[in-house]
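The values are calculated or read from the model by the stated rules, or taken from the named source; none is laboratory data. Predicted, not measured: the structure shown is a model, and the values here were computed from it. Using ideal geometry, Cβ is built from the backbone for each residue, glycine included, and neighbour counts are taken over all protein chains shown. These area figures cover heavy atoms from the full protein model, side chains too; ligands, DNA and RNA do not enter into them. Shrake-Rupley method; radii C 1.70, N 1.55, O 1.52, S 1.80 Å.
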Amino acid sequence: MKQANTTISIHTARQGLFEITRDIQSWLSGTGVQNGLLTVFCRHTSASLTIQENADPDVQYDIETFFKQLVREDPSLYTHVNEGADDMPAHIRSALTDVSLSIPVIDGQAVLGTWQGVFLYEHRARDHHRQVVLQVMGDGA
Amino acid sequence: MKQANTTISIHTARQGLFEITRDIQSWLSGTGVQNGLLTVFCRHTSASLTIQENADPDVQYDIETFFKQLVREDPSLYTHVNEGADDMPAHIRSALTDVSLSIPVIDGQAVLGTWQGVFLYEHRARDHHRQVVLQVMGDGA
Amino acid sequence: MKQANTTISIHTARQGLFEITRDIQSWLSGTGVQNGLLTVFCRHTSASLTIQENADPDVQYDIETFFKQLVREDPSLYTHVNEGADDMPAHIRSALTDVSLSIPVIDGQAVLGTWQGVFLYEHRARDHHRQVVLQVMGDGA
């Protein structure tokens with residue numbers, strides 16, 4: 001049984017989804033783990049993770065539109081308002097989506113379905129550098 | 001430390017919850033893992049996973065009613081509409097629920113609470129065959 | 001590769017977030033695991049888990065306010081009503097948040113970000129004693 005971890009940094013400059021599937025698969029291949037478990041963890045409370053269809057970019061647009069309407073950026077709705085109108089909504093959107101993902105690894109590949117991509121979901125409008133930790137445990141080659 | 005994995009297929013023909021707790025417990029028993037970690041992963045972006053009360057079927061009905069009202073099947077709300085009125089809502093509902101579940105295993109059993117059942121949550125109306133990957137790592141007997 | 005698990009009990013007497021970060025870090029230190037994977041699992045269907053900002057308590061207040069408005073405690077909306085007006089909303093709120101969290105461990109620490117705290121999220125108003133299972137697998141010192 002072997003394990004490895006790394007931290008990737010994603011530069012975001014708008015609200016919405018940023019795909020990190022290739023970064024994950026590329027790092028995973030380098031670890032030499034053939035069968036085991038991959039964990040993806042987001043170290044923030046105003047950005048999160050989601051697995052979504054990565055074929056049609058309209059899906060990502062509609063996801064963002066839905067969450068923007070569901071969690072309104074209206075400071076009169078919140079008490080935590082001193083970090084900006086999109087800060088408390090960002091925390092709520094993070095609660096509604098995922099902070100960690102657990103993906104089995106078989107034959108050296110994360111078992112994502114045909115249409116599944118892994119995305120960092122940025123909930124704040126201004127520039128951020130986001131950290132995502134990858135960890136894998138399993139049997140090597 | 002040992003590990004095992006399998007893929008189970010669930011035939012769905014309506015929107016709503018399909019319990020897979022027994023399939024999971026049965027497979028887990030056969031692996032011989034006594035203490036460790038069980039991962040459940042859904043390989044789709046229009047179906048997902050959830051752990052819910054499995055005693056009263058009304059709970060499953062109310063869950064589906066809530067999500068149908070929260071994420072409306074109205075194509076005028078979305079840009080990704082060419083796969084059917086329930087397709088984009090299915091992606092959003094998947095983002096709001098779970099794609100992966102991590103359940104500790106103690107004494108050969110997943111540590112589900114008394115009322116907890118594991119469900120595939122189908123978000124599309126027409127027939128699908130859904131794949132769920134199970135993976136366990138831990139100490140054997 | 002070593003592993004350990006424990007169950008912590010949290011006494012709740014109101015709806016809202018109860019931080020368990022210190023309980024987790026303290027237990028983790030005692031296990032001696034230096035690098036690996038920590039899993040947090042909630043054994044209930046009317047309480048759940050979330051990772052949130054733990055600096056400003058207003059965030060916790062706003063989270064609870066949002067979920068109370070999103071999932072209304074109005075029995076006329078549900079068929080599962082015999083366990084109280086906050087019971088079916090509790091199940092829905094659990095589906096919208098997390099039942100399990102997977103957090104990599106590096107150098108003996110869960111890799112939580114600076115502002116991230118782990119919380120039990122109680123969705124019912126009356127007294128409960130909630131069970132959260134912690135499990136860690138990894139390399140020892």
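Quick notes on this one:
- Residue count, the range B:107-141 (criterion: of a type in the set (Val, Ile, Thr) and outside any loop (DSSP other than H, G, I, E, B)): 4
- Residue in the range A:1-26 that is farthest from the chain's Cα centre (by Cα), counting only those that are in a strand (DSSP E or B) and of a type in the set (D, E, K, R): A:LYS2
- Condition check for C:GLY117: small (Gly, Ala, Ser), within 14 Å of chain A (Cβ to nearest Cβ), in contact (Cβ under 8 Å) with a residue 24 or more places away in the chain and farther than 25 Å from B:VAL118 by Cβ: yes
- Looking across B:ILE20, B:ILE8, one residue alone is open to solvent by less than 10 Å² (accessible area, probe 1.4 Å) and touching a residue at least 12 places away in the same chain (Cβ under 8 Å). It is B:ILE20.
- Condition met for C:GLY36 (touching a Lys or Arg at 6+ places or on another chain (Cβ under 8 Å) and over 26 Å from A:HIS123 (Cβ atoms)): no
- Total residues in the range A:120-140, condition more than 10 Å from chain B (Cβ to nearest Cβ), surrounded by fewer than 18 Cβ atoms within 10 Å (Cβ to Cβ) and out of contact with any Asp or Glu (no Cβ under 7 Å at 6 or more places or on another chain): 5
- The requirement of being in contact with a helix residue (DSSP H, G or I) (Cβ under 6 Å, 6 or more places away or on another chain), closer than 18 Å to C:HIS129 by Cα and of a type in the set (Val, Ile, Thr) is not satisfied by C:THR7.
- Of all residues in the range A:71-85, exactly one satisfies the criterion of being in contact with a Lys or Arg (Cβ under 8 Å, 6 or more places away or on another chain) and without any contact (Cβ under 8 Å) to a residue 40 or more places away in the chain, namely A:VAL71.
- Those strands (runs of 3 or more DSSP E) of the range A:27-106 that lie entirely within it include none in which at least 3 residues are within 13 Å of chain C (Cβ to nearest Cβ) and open to solvent by 10 Å² or more (accessible area, probe 1.4 Å).
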